[in-house]
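The values are calculated or read from the model by the stated rules, or taken from the named source; none is laboratory data. Because the structure is predicted, anything quoted here is derived from the model rather than measured. Using ideal geometry, Cβ is built from the backbone for each residue, glycine included, and neighbour counts are taken over all protein chains shown.
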Amino acid sequence: MNKNSKIFVAGSNGLVGSALVRRLKSGGYTNLLTPEINELDLTDQQAVADFFAREQPEYVFLAAAKVGGIHANNTYPADFIYLNLVIQNNVIHQAYKHGVKRLLFLGSSCIYPKQAPQPMKEEHLLTGLLEPTNEPYAIAKIAGIKLCESYNRQYGTQFVAVMPTNLYGPGDNFHPENSHVLPALIRRFHEAKNTSHLTPHASPDDEVIVWGSGLPRREFLYVEDMADGSVFVMELDDATLSKHLLSYPDPCFVNLGTGVDVTIRELAETVKDVVGFAGGLSFDASKPDGTMRKLQDVSRMKALGWQAKTELKDGIMQTYEWFLEHQGDFRK
């Protein structure tokens with residue numbers, strides 16, 4: 001990509017998209033297309049076609065998606081599969097029709113089978129059954145990967161994808177019901193801390209209860225690292241991209257993560273420490289744990305020359321600082 005290339009960041013206001021915009025701007029890219037949702041409805045096929053015809057973007061980061069935690073996935077399965085399929089179909093097809101030089105599709109580690117070997121490698125895709133709680137979302141993301149792969153095979157496009165692990169950071173969703181585990185923990189510990197300060201008889205006996213045993217292991221990637229890795233892939237030279245991400249039947253996507261996981265207990269203890277909650281922490285083992293481990297193999301990305309830089313506690317501290325600055329924006 002040239003510094004003056006016209007770059008369309010689809011979903012530029014979300015957790016992923018906003019981080020991509022920050023990374024592109026810091027890298028000297030200034031010709032960015034970042035339409036608001038009221039300016040461009042990505043579920044409207046004609047609107048997307050008109051946008052591409054009018055703006056003629058050279059590069060596309062497809063970060064737009066309907067996302068959410070287990071509760072949201074279980075409550076709105078039709079929305080998760082339909083909206084994500086429509087958005088990615090519209091954008092990827094118009095990118096092909098209008099000669100986009102390169103497109104990056106943002107996927108998710110939930111594409112892998114529930115019982116995939118650990119750590120999960122790219123070749124484990126479609127080797128087993130998915131986790132039922134987010135199957136509709138995962139199927140949509142798998143379809144996006146295969147759409148990129150199919151256009152590459154048939155039309156010679158350069159459409160590739162990255163599969164970030166669990167993301168967190170500035171711009172995250174802290175909704176009490178629809179957020180993912182890390183931002184949910186930040187909000188719960190913060191509210192528990194504030195409540196204990198306001199209660200005359202508050203003591204360290206106050207506690208936050210976390211669902212499950214605390215034993216499952218998860219991998220977390222700071223969103224700024226995700227953006228850096230994504231731009232790194234888009235900046236690969238043609239020869240490297242062709243050899244490593246466009247050589248069918250090799251996967252046209254690459255895992256994006258840290259290669260390090262922690263238990264939910266360790267995660268909760270770290271958040272508790274960062275927030276400064278003096279009360280207790282307990283786990284409700286009667287609640288489901290979900291998959292016991294989800295760790296990505298990031299050796300393919302490391303071989304390309306990139307790896308994550310932000311330690312988990314440092315990332316949580318920066319995320320909490322952002323939360324404190326913006327909590328008024330999403331307080332119920």
**Message:** Can you tell me how many residues within segment 1-44 are in a helix (DSSP H, G or I) and in contact (Cβ under 8 Å) with a residue 12 or more places away in the chain?
**Reply:** 10
**Request:** May I ask you to list pairs of residues, at least six apart or on different chains, whose Cβ atoms are under 6 Å apart, with the first in segment 141-157 being in contact (Cβ under 8 Å) with a residue 60 or more places away in the chain and the second being surrounded by fewer than 16 Cβ atoms within 10 Å (Cβ to Cβ) and assigned to a loop (DSSP other than H, G, I, E, B)?
**Result:** 153/248
**Request:** Give me a count of the residues in segment 100-121 that are touching a residue at least 40 places away in the same chain (Cβ under 8 Å), of a type in the set (Gly, Ala, Ser) and assigned to a loop (DSSP other than H, G, I, E, B).
**Result:** 2
**Asked** Which residues, counting only those in segment 217-274, are under 14 Å from the mean Cα position of the chain (by Cα) and in a helix (DSSP H, G or I)?
**Response** 223, 224, 225, 226, 227, 228, 229, 230
**Asked** Is it fair to say residue 185 is closer than 24 Å to residue 76 by Cα and assigned to a helix (DSSP H, G or I)?
**Response** yes
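Residue-wise test of (1) in contact with a strand residue (DSSP E or B) (Cβ under 8 Å, 6 or more places away or on another chain); (2) of a type in the set (A, V, I, L, M); (3) crowded, with 22+ Cβ neighbours inside 10 Å.
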position: 140; (1), (2), (3): no, yes, yes
position: 146; (1), (2), (3): no, no, no
position: 155; (1), (2), (3): no, no, no
position: 171; (1), (2), (3): no, no, no
position: 186; (1), (2), (3): no, yes, yes
position: 189; (1), (2), (3): yes, no, yes
position: 194; (1), (2), (3): no, no, no
position: 224; (1), (2), (3): no, no, no
**Asked** Given the structure, is residue 153 closer than 29 Å to residue 232 by Cα and more than 13 Å from the chain's Cα centre (by Cα)?
**Response** yes
**Message:** Restricting to segment 156-176, and then to whatever is assigned to a loop (DSSP other than H, G, I, E, B) and within 18 Å of the chain's Cα centre (by Cα), can you tell me which residue is nearest to residue 237 (Cα to Cα)?
**Reply:** 165
**Asked** Does segment 29-40 contain at least one residue that is within 23 Å of residue 145 (Cβ to Cβ) and either touching a helix residue (DSSP H, G or I) at 6+ places or on another chain (Cβ under 9 Å) or hydroxyl-bearing (Ser, Thr, Tyr) (or both)?
**Response** no
**Item:** Sole exception among (1) more than 28 Å from residue 177 (Cα to Cα); (2) out of contact with any His (no Cβ under 9 Å at 6 or more places or on another chain); (3) modelled with pLDDT of 95 or more for residue 48, by number
**Value:** (2)
**Asked** If you go through segment 49-71 one residue at a time, do you hit one that is closer than 14 Å to residue 136 by Cα, in a helix (DSSP H, G or I) and under 22 Å from the mean Cα position of the chain (by Cα)?
**Response** yes
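Take the conditions modelled with pLDDT of 95 or more and either in contact with a strand residue (DSSP E or B) (Cβ under 9 Å, 6 or more places away or on another chain) or in a loop (DSSP other than H, G, I, E, B) (or both) and apply them to residue 83. Does it pass? Walk me through how you get there before you give the answer.
Details: modelled with pLDDT of 95 or more: yes; either in contact with a strand residue (DSSP E or B) (Cβ under 9 Å, 6 or more places away or on another chain) or in a loop (DSSP other than H, G, I, E, B) (or both): no.
No; evaluated as a whole, the condition is false for this residue.
The rows are residues; the columns are (1) surrounded by fewer than 19 Cβ atoms within 10 Å (Cβ to Cβ); (2) of a type in the set (Phe, Trp, Tyr).
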position	(1), (2)
246	no, no
255	no, no
261	no, no
273	yes, no
287	yes, no
303	yes, no
314	yes, no
318	yes, no
322	yes, yes
